[in-house]
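A quick write-up on the structure given underneath.
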Amino acid sequence: MSTFFDAWHYDGKSAVRRKVEVQIIGTQFYLLETERRHGPFAFSDVEYVTHKVDADVYGLKATDGWRLMLSGPVPADLNAMLPARRNYGGWVDRLGFGKAAVAFTLASAAAVAIVLLSPQWLAPLIPDSVDEKLGDALVGDFGGRFCSTPAGDAAMKKLVASLDANPDDLQVEVAKIDMINAVALPGGNVILFDGLVKQARSPDEVAGVLAHEIGHVREKHVMQALLRQMGLAVVLGGIDGNSGALVNNMLSMSYSRESEAEADAHSMKALGGANISPIGTASFFDRLSEMDGSASSSTSDNGIAGYMSSHPLSRSRKDAFEKSIVKGKNYKPALTPTEWTELKTMCTQDRKAKSGFGFDFN
Amino acid sequence: MNDDIFQRHSAFRFHGSWLEFARIAFPNLLLTIVTLGIYRFWATTREREYLWSKTEFIDERLEWTGKGIELFIGFIMAFLLIGLPLIVIQLISQGLIFRGETILAAVITLMMFLLLFYLTGVAYFRALRYRLSRTYWRGIRGGSDDPGFQYGLAYMWKSMVGWLPIFLLVPWSMISLWNDRWNAMSFGPHRFSATAEWKPLMKRYLLFYLVPFLLFIGAVVFGISMAASGGTPDALGGTGMAVGAIFAIIGVLSFYLFLPLAALAYYSKYFRLAVGGLRLHNLEFDFRARAPDWILFFLANIAIIVCTLGIGYIFMPYRNWKFFVDHMEAYGEINVDELTQSETVVAKHGEGLLDAFDVGAI
Ligand SMILES: [Zn+2]
């Protein structure tokens, strides 16, 4: 049993400051005032609060505002019973600052890596029903912008069937929007914009682009991108504002190049399987890259800019498609001349479809 | 025992030094970076612990007992309860626009905006409540039993009323909301009473409000007097053009200079009136910073940030707190026997909502 003199105490019930002596009895202690004795209190309930002027301030679990302030050299037996001082808090104090900083860096890098890589494994695990519901919610009837004629639909159906083994779980539509673009959305939805179909010089060009978008669907790129975006939003949510958004965009951009290459590979394989020449798709990219190089500032319409931003590097992709040509193979056109005309003029013929767009893609 | 406040110096005194603060702020910055921002909750807590412990009220330092984990949980809650639903609502309204249901989408977006507006009000209230409940003086803390949901409604309608007559009633809404907020708060057994008046604020507000018009009128008068003095560009030659250009630059600069200055002049008056209307039992408060103090403070902050290429930003919490404490004043007396522990509930989570909306507390 020992007594320590230089201590101040607030009991948490009133703001009266009390000069006390700490009387230690085993694992418990009393606080002695001239005429009063507070306690007993258990050392196991004591917690470190803060450092104030030259005193360490301790609190007591479950007693709001209870304070014991010890200044000067604290005797060893009392010191041994008190909890450790807190500096950075929990983990950092236990590891030490340097080790904690390294550990946090590694953990952060691992978290970012998981978010970037796991969608590849996670996306196939998402049930098709969720994918479809999301697609329905997003696309619906596209504000009545889908074009439809019996002959045009039949031509599109034939084209899809030649490019994919399970055409039934794909919804391919042509939208009456004058943009050179095409998108793959959740639920097997592929939308070709009329601007792209109109400017195509052969059905083979449309087949290549369509097979590319089907590639996005089959490789589950849409769900991957969605998961990745959400994961990055969570992981980088801690970084404020612009820097977070910037990092986020850069990371998801670098990803989309990769999936573009995958979709291109899928497209070349599908064209090969359908006996459609990839030369059409190559010349399509050729024209795009010419427009991109020469006319980007003056005559460019938003159509090209739109396709370029989501499908970059047209020239190198053109080379890839050219290389996939098999010499001596007996290619046949993707559609007959009549079918092609029907598909190309479908949106002109369908007067009920609404035109233009009141929204932005990104 | 009565503690009378001697008027030789303010009841509030700040004893911190920026060198000590730097030893907290720089490791905080490093840990925040390597944890992708997650450490910032603990960083904030460490900074407050330091600032509070260096703040003396009468004869005892303040204590900050908030925990990093509380702020972290608050942030997670805000993300789950507000962030995620917002993302879902945004997806739905985008889908509706896709389908051409623009009106429904607009209604949903408006509802979302109103909800955010309401929650911003609640967040302001709860941040103040959280801060008071974690601030101890002589073992006694503050708080409020009001969850702030009513205040959220008041925040909505009073802000609207403030804006409706071409923003002329903004001073009324600001003062009235300050009073609402503080009237719900207490420290120990005593409730705050906030009775600030808004009418004395109108003159400053009109000054701020009219600055753009005054500048415009000044420019017109200057132009007319130039013309009247017979100075045509031809007659004055190159020097005339130069003088004209200089005046144009001064005009633009003064717009960007006078407007913030007028805003600061208004804010200094607002804060003085708001704090001046505050009472706690037998204590009255005063904030002595006047417009020139605020302007100097503001300019020094900008200079520090610019000269340190932005790193000085980490000292802003220190500078803000020092400015606040240095100019705070209290009169009256406290009976420490009567100052008993607060009975208010202690919320387990911190300023999550506020953190999510990125607004300041006082
Ligand atoms: Zn693509």
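Nothing in this text is a laboratory measurement; each read-out follows from the coordinates by a stated rule. Here the structure is a predicted model, which means the values were calculated and not measured. Reconstructed Cβ throughout: ideal geometry from the backbone, glycine too, with neighbour counts over all protein chains shown.
For the protein assembly as shown, adding -39500 (n - 2.57) for each run of n ≥ 4 DSSP H residues and dividing by the number of residues yields -18500 deg cm²/dmol at 222 nm. Which of B:Ala25, B:Ala105, B:Ala11 ends up with the largest GNM mean-square fluctuation for chain B, with Cα atoms connected below 10 Å? Most flexible of the set in this elastic network: B:Ala105. Here A:Met223, B:Met111 are placed in order of increasing Cβ neighbour count within 10 Å, fewest first, which gives B:Met111, A:Met223. If the elastic network links every pair of Cα atoms under 10 Å, which of B:Gln94, B:Gln150, B:Gln341 fluctuates the most in the Gaussian network model of chain B? Ranking B:Gln94, B:Gln150, B:Gln341 by mean-square fluctuation puts B:Gln94 first.
Mean projection of the Cα convex hull over all viewing directions, computed for segment B:19-111: 9.3 nm². Within 10 Å of the Cβ of each residue in B:72-80, the mean number of Cβ atoms contributed by other protein chains is 1. Helix screen, chain B: DSSP H segments with Cα axial length of 20 Å or more and mean Kyte-Doolittle hydropathy at least 1.6 are B:84-98, B:202-228, B:291-307. Look at where the Cα atoms of segment B:84-163 and of segment A:106-142 average out, and the two centres are 29 Å apart. Counting other Cβ atoms within 10 Å as a rough exposure proxy, the listed residues A:His221, B:His281 run B:His281, A:His221 from fewest neighbours to most.
In a simple Cβ point-charge model (Lys, Arg +1; Asp, Glu -1; nothing else charged), chain B has a dipole of about 420 debye relative to its Cα centre. The mean number of partner chain beta-carbon atoms within 10 angstrom of a residue's beta-carbon across peptide A:227-234 is 1.
Here the relative contact order of chain B, from alpha carbon pairs under 8 Å that lie six or more residues apart, stands at 27 percent. The loop-placed chymotrypsin sites (Phe, Trp or Tyr not before Pro) in segment B:113-192, going by DSSP, that have at most 12 neighbouring Cβ atoms within 10 Å of their Cβ come out as B:Phe167.
Computed over every Cα-Cα pair of the protein assembly as shown and binned at 20 Å starting from 0, the pair-distance distribution P(r) comes out as 13, 34, 29, 19, 5, 0 percent.
The mean number of Cβ atoms from other chains found within 10 Å of a Cβ in peptide B:52-65 is 3, as a whole number.
Just the number, please: percent antiparallel of the DSSP beta bridges in the protein assembly as shown, rounded to the nearest 5. Around 95 percent antiparallel, to the nearest 5.
Here the spin labels are modelled as points 7 Å beyond Cα on the Cα-Cβ line, and at B:Asn320 and B:Ser254 they lie 3.3 nm apart. For the residue pairs A:Lys269/A:Lys327; B:Lys54/B:Lys269; A:Lys158/A:Lys332; A:Lys52/A:Lys99; B:Lys158/B:Lys199, the alpha carbons lie more than 18 Å apart in B:Lys54/B:Lys269; A:Lys52/A:Lys99.
In terms of Cα atoms, the Rg and Dmax of segment A:6-86 work out to 11.6, 34 Å. Find the relative contact order for segment A:1-152 and round it to a whole percent, using C-alpha pairs within less than 8 Å whose residues are 6+ positions apart. Reported relative contact order: 15 percent.
If you wrap the tightest convex hull around every Cα atom of segment B:5-357 and split its volume per residue, you get 216 Å³. Overall shape: oblate for segment B:99-224, with the ratio a/c of the largest to smallest alpha carbon gyration tensor axis at 1.5 or above and b/c at least equal to a/b. Using a simple spin-label model with pseudo-atoms 7 Å out from Cα toward Cβ, A:Glu47 and A:Leu82 lie 1.8 nm apart. Judged by the ratio a/c of the largest to the smallest principal axis of the C-alpha gyration tensor, segment B:279-353 counts as oblate, that ratio being 1.5 or greater while a/b is no larger than b/c. Overall, the protein assembly as shown carries a charge dipole of about 640 debye about its Cα centre when +1 sits on the Cβ of Lys and Arg and -1 on the Cβ of Asp and Glu, all other atoms neutral.
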